[in-house]
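Q: Once you've had a glance at the structure underneath, I'll fire off some questions.
None of the figures in this text is laboratory data; all of them are computed from the coordinates on show. This one's a predicted model, so the numbers in the text were calculated from it and none came from an experiment.
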Amino acid sequence: MRPHRFLAVALVLAAATAWASATSPTLIVSAARALRAESRHAVTIEGTFDFANAVQVGYPLQLVVFQGTRFVRYPATGTPRTGETALLADGRLDAAELPAFLAAGAPAPADVRLVTLTETSALVALPASFTAGTATAQVFTVLPEEPVLSNPLALVLP
């Protein structure tokens, strides 16, 4: 093969390999606001959720709100789960804790749900067990290559 043909083939293969590689999504929680109505809380979480891939590719995007060790986890598709775990006692969820965290809890009541999910925000209805005070919101996904977590963001439930 001539050198210039070899170079052309190598460039095409390199470009194909670069296009085929996976990239980790960017997950950021930039703001969270809570409101209270009829003794229940709802939280709007704003940020970057890699929405197009969560919807089109269907990777397992999850939103979690926790207060101390009490949590509610909202998969983008599926039933929310609620429970308690000491994993959250430090105020954040870390990649190494995800396997145990995903196994924790039980299905949440029907009124605890992910109400809306858009490119930049999510609205969730919290369980009645969440009380006035500080809570934390975080977003994550577990991909075959590695888990990806957003920053934890503190908010105040009225």
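Q: When N is the residue count of the range 83-132, what does its C-alpha Rg come to as a fraction of 2.2 N^0.38 Å?
A: It is 1.33.
Q: Have a look at the range 42-158 and give its Rg and Dmax from the Cα atoms, expressed in angstrom.
A: Spelled out, the Cα radius of gyration and Dmax of the range 42-158 are 13.0, 39 Å.
Q: Between the range 129-154 and the range 95-118, how far is it from one alpha carbon centroid to the other, in angstrom?
A: Here the two parts' Cα centres lie 10 Å apart.
Q: What percent does the relative contact order of the range 24-157 come to when contacts are Cα pairs within less than 8 Å and at least six residues apart?
A: Normalised by residue count, the contact order of the range 24-157 is 33 percent.
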